[in-house]
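The structure appears right after this line, and notes come after that.
None of the figures in this text is laboratory data; all of them are computed from the coordinates on show. The shown structure was predicted, so the numbers you read here are calculated from the model rather than taken from an experiment. Don't worry about glycine lacking a Cβ; one is built from the backbone with ideal geometry, like all the others, and counts go over all protein chains shown.
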Amino acid sequence: MSESAPQASASGGPEIGPPLWLLAELTYRCPLHCVFCYNPVDFAHAGPELGTDDWLRVLREARAAGSVQCGFSGGEPLLRDDLEVLVAEAHRLGFYTNLLTSGVGLTQERAAALKAAGLDHIQLSFQDSTKELNDFLSHTKTFDLKRRVADTIKSHGWPMVMNCVIHRQNIDHIGTIIELAVELGAEYLELANNQYYSWAALNRDQLLPSRAQLQRAEALTNDYRQKLGDRIRIFFVVPDYYETRPKKCMNGWGNVFLTITPDGYALPCHTARMLPDIDFPNVRDMRVDDIWHRSPAFHRFRGFAWMKEPCRTCPEQEKDLGGCRCQAFMLSGDAANADPVCSKSPQHYLIEQAVARAQLPDAERVDAKPLVFRDPANARPASRF
Ligand code: FES
């Protein structure tokens, strides 16, 4: 790291706050093979995983740099035998801790150990309300196990947070997905409309719902919200392909969110690793505070100075910061372009084309390809779509 690296607010934006949200991606290993997995499509070529001591140091450095929330994810984080050790240290340091899991490996014994370690919160993923589709989309027989794990979570006193990624294949089941969450005693349900990155981008034609499906699902969700009142909080986020202004991705590049990959790279979002020409720092070589405040990678898209037209002179630039850098790269080939979701982007037609394909019945979609499951055998270099 050179002495002349950029300083805190050199990019023309406001002062840089702390990396409030730390996402510790402990491993890319996972027993499931979900077709919408957000892990990189070339995950099989990642370097060796950080060891326990490395992670303990990262937790201490991140807390010292001002992180307050720590999510343990993967892959499947329960595949790490040291998860309880890491959770205990994060708890001791004062983090609010969250485990994002498929449920595979959450036995009664491990749940008790994680409770004793101070884990605050567990988010359990389902792929669908039916065993058939849940098991098909994850390419594993996990539905019954997930139901048992939901009981385990409740019996240890954690709030039950169910997450279900929503897409073309399951969006018409939204009512039964909500009913499953109620049956399991979930206090929160995240109906997370698929975002089209990584494996979901590969499978976009089969996963992007039609506008009519989306409108029906949103209306039904609102009906259930009224009917269920305070029994459960339901979050429903519209996929940005149906918007005309982009999302303020990650609340801004290098603003609050810090991901550490299993092999130690520090990223401002889950997927930035695929962006070319950015040398992302590694926690094996650099302290978290230096990464956050002084690495060129974390300054690359802070503030407004990097923007091109139409963002450069757009009166809405502070609202969305030009949208998502990864989506801009995947769709337009240049991460510094406006996110093509924006109707002012010259590449917005690419979004319109994808949406138009999604309106077609399956049989009428030309060049229809089979779903690609997340699997090392299907790993491929990250590329544009
Ligand atoms: Fe990387 Fe949006 S996902 S900046």
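Converting phi to 3J(HN,Hα) with the Karplus coefficients 6.51, -1.76 and 1.60 and the offset θ = phi - 60°, region 366-381 yields 6, 6, 4, 10, x, 4, 9, 8, 5, 6, x, 5, 9, 4, 8, x Hz in sequence order, with x at every glycine or proline. Annotation: amide H of Asn193 within the under-5 Å range of Ile166, Val237, sequence separation 5 or more or interchain, hydrogens built in the peptide plane. GNM on the chain, alpha-carbon springs under 10 angstrom: the most fluctuating residue among Glu183, Glu49, Glu89 is Glu183. Only Cα pairs under 8 Å and 6+ residues apart enter the sum, and on that basis the relative contact order of region 172-233 stands at 56 percent. What separates the Cα centres of region 185-258 and region 349-369 is a distance of 20 Å.
P(r) tail for region 105-208, what percent of Cα pairs lie past 15 Å? In whole percent, the share of Cα-Cα pairs in region 105-208 beyond 15 Å is 63.
Reported to the nearest whole Å, the Cα centre-to-centre distance from region 278-315 to region 119-158 is 37.
Given the Cα-Cα distance of Phe136 and Glu109 and 0.36 nm per residue of separation, how much length would full extension add, in nm?
6.9 nm
What percent does the relative contact order of region 47-128 come to when contacts are Cα pairs within less than 8 Å and at least six residues apart?
RCO, region 47-128: 31 percent.
Across Met162, Met286, Met250, mean-square fluctuation computed from a Gaussian network of the chain (C-alpha pairs under 10 Å connected) peaks at Met286. Quotient of the Cα radius of gyration of region 179-238 and 2.2 N^0.38 Å, N being its number of residues: 1.29. Here region 250-304 is treated with +1 on each Lys and Arg Cβ and -1 on each Asp and Glu Cβ, and its dipole about the Cα centre works out to around 120 debye.
Pairs of Cα atoms in the chain fall into 10 Å distance bins, from 0 up to the last occupied one, in shares of 5, 22, 32, 28, 12, 1 percent. Under the simplified labelling scheme, the Arg365-Lys227 pair shows an inter-label distance of 2.9 nm, with each label point 7 Å from Cα along Cα→Cβ. Going from the alpha-carbon gyration tensor of region 186-315, what semi-axes, largest first and in whole Å, does one get by taking the root of 5 times each eigenvalue? Ellipsoid semi-axes (Å, largest first): 34, 19, 16. Based on the Kirkwood approach, the hydrodynamic radius assigned to region 293-359 is 12.5 Å, with every pair of different Cα atoms included.
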